Amino acid sequence: MIHNAYQRLIQASNARSPSERIGPVISRIDLRGDALPEGSALRDLLPRADFDVSAALEKVRPICEAVHHRGDAALIDYAERFDGVRLESVRVPARALTDALERLEPAVRAALEESIRRARIVHRAQRRTAHTTNVTLGGSVTEKWVPVDRVGLYAPGGRSVYPSSVIMNVVPAQEAGVESIALASPAQSEFGGLPHPTILAACALLGIDEVYAAGGATAVAMFAYGTESCAPANMVTGPGNIWVAAAKRYFAGKIGIDAEAGPTEIAILADETADPVHVASDLISQAEHDPLAAAVLVTDSVALADAVAKELEPQVAATKHIEDRIVPALNGRQSAIVLVDGVEEGLRVVNAYGAEHLEIQTADATAVADRVRNAGAIFVGPWAPVSLGDYAAGSNHVLPTGGCACHSSGLSVQSFLRGIHIVDYTRDALAEVAHHVVTLAEAEDLPAHGAAIKARFDWKVPSK
C-alpha cells in the first residue's frame, strides 16, 4: 500500500508553479497519522539527492587510465582542460607553502591553529595500543595496530576553499603515526596553477610539505598508480565531488579508501522547544555547500515547521550563494520538513535516514541523542551546531553520507590503522588443542590442514 505521505508530497509539489520554486521553498513530507513503515520502506519516503556514482564511473575510467599510462603529462593536460591552467609541474614548490603561510591573515592563522589544537586533543585520545589476550597457558593472541605506510589526502577546490578539510584529513593520519603523507588539491588559475593559498598555508601549519596541484579523479589516480612526481599511496581519503567518489570506487581493492562521499547533509530532530531562528540558520549553513546539499528538519511541531519555513526567507535573502547553491538545495528533492507524530517517531525517521550531520534540538536532548544509532556525527542541543563541528569542536567533519552512517564511521585515527593478530603458542599449548584443529580440518575436507598439525607430533595427535 502506498503511504499517504507520497500523495501529500505530490500534492504539495504540484501546487507550486515554476515561479514559486525560485524562492527558498522547502517541501513538506507528512508522516503523521499513519503507522510508520519499517526498514527500506521508511527510507524510501525520505528525501535524498540523486547521486549516480555508477554513471560517473564510466567517465572517470579513461581519465584514471590516462594517468596510469602517461603520468605527470596526463595530470598537466587535465589541469589545463578542467582547471584552465597549464602547469609546469604538478608538485607544489616548498617555497609556495612558506609564502602562503607568511601571507596568511593573522586571524585566519589563529583560527586554523586553534582548530588544529582541538582536533589533536580528540584524535590523540583515539590511539590504540597493543593488547595481549592469554587464551590458554602458553597460548596468546596479541593485537597490534600498525599505521599504513603512505596516504594520499584530498582537499576539494571548486565552489569553496576547504582548509578545514586539510586539518580533518591530516591530523588523524599524523596521530595514527603515518610516516608518509601527501596532499592534493585542484590547481587554481587565479593563483598561477597552485592550489588555493589558504590550503597551502594549512599544509604548512601542519608540517605537510608534499603537496600536489591535482583535482578530482586525476588526484585519486595519481595516488593510486603513482607518477614521476608522486609515489603511489596505500590509501586515499578526503571529501570531494562525484568524480572523486567514482574514482575511489574505481580503485577500491587496489588502495584503501575512507568512503564514497556524496553531497553533504544535515538532519535536525526538533520539537516545540527549538528556536526556529537556530534551526533555519543551521539548514541554510549546509545548503550553502552545494545545490545538491540536503537540509532536512524532522519535527512533531507544526508551529515550529511553520516558523522555520517563514524564517528561511529573510535569512536566505541576507546571505551569499543564494541562486547557485542555497535556493536550489532547499528547493531540491533532497531537502524537506518531515512532520511526525512525536519525538519517538522522529527518532525512527532519523535512524532510517542516517544523516551525515544530525542535530538534536529537543527537550532532554542528551537522552534523545543517546538513542540515535545511525549518524555520522550527532550535535546535542542548541549550542552545538554543525558549523562548530566543521571547524573547531575537535571532532572530524569527514563523515559518511547518503545513509552510509548505518554501516560506516567518519574519518578517525582508526581509519589509518591496521589491526594485526600475533599468535604465539608453545608446544604444550598446541598439543592441548591439536585434536580439535584436526577434527575441524577433516570436517571441512582439508586434510592437509590437519596434517600440518600432526607433523609436529610425529603424525600422532596427542589425546587430552
Output the number of the condition that ARG373 fails; it satisfies all remaining conditions of (1) over 22 Å from the mean Cα position of the chain (by Cα); (2) in a loop (DSSP other than H, G, I, E, B).
(1)
Against the condition loosely packed, with under 13 Cβ neighbours inside 10 Å, touching an Asp or Glu at 6+ places or on another chain (Cβ under 8 Å) and touching a residue at least 12 places away in the same chain (Cβ under 8 Å), how does ALA363 come out, does it pass?
yes
Just need a number here: residues in segment 109-134 that are out of contact with any Gly (no Cβ under 9 Å at 6 or more places or on another chain) and free of Cβ contacts under 8 Å to residues at least 24 places away in the same chain.
8
Inside segment 282-299, can you point out the residues that are free of Cβ contacts under 8 Å to residues at least 60 places away in the same chain and either surrounded by fewer than 23 Cβ atoms within 10 Å (Cβ to Cβ) or of a type outside the set (A, V, I, L, M) (or both)?
GLU288, PRO291, THR299
Can you pull out the residues in segment 43-69 that are surrounded by 14 or more Cβ atoms within 10 Å (Cβ to Cβ) and not hydrophobic (A, V, I, L, M, F, W, C)?
ARG43, PRO47, ARG48, ARG61, GLU65, HIS68
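A quick yes/no check of all residues on (1) hydrophobic (A, V, I, L, M, F, W, C); (2) under 21 Å from the mean Cα position of the chain (by Cα); (3) at pLDDT below 95; (4) buried (at least 24 other Cβ atoms within 10 Å of the Cβ):
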| site | (1), (2), (3), (4) |
| --- | --- |
| LEU200 | yes, no, no, yes |
| CYS203 | yes, yes, no, yes |
| ALA217 | yes, yes, no, yes |
| PHE223 | yes, yes, no, yes |
| SER229 | no, no, no, no |
| ALA247 | yes, yes, no, yes |
| ALA252 | yes, yes, yes, no |
| ILE268 | yes, yes, no, yes |
| ASP271 | no, no, no, no |
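Those residues that are assigned to a loop (DSSP other than H, G, I, E, B), more than 22 Å from the chain's Cα centre (by Cα) and not charged (D, E, K, R), I need them from segment 166-194; list them, please.
Hits for segment 166-194 are ALA187, GLN188, GLY192, GLY193, LEU194.
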Check ILE242 against each of (1) among the β-branched types (Val, Ile, Thr); (2) modelled with pLDDT of 95 or more; (3) buried (at least 21 other Cβ atoms within 10 Å of the Cβ) and name the one condition it does not meet.
(2)
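The values are calculated or read from the model by the stated rules, or taken from the named source; none is laboratory data. Just so it is clear, the model here is predicted, and its values are computed rather than measured. All Cβ positions, even for glycine, are placed from backbone atoms using ideal geometry, and neighbour counts span all protein chains on display.
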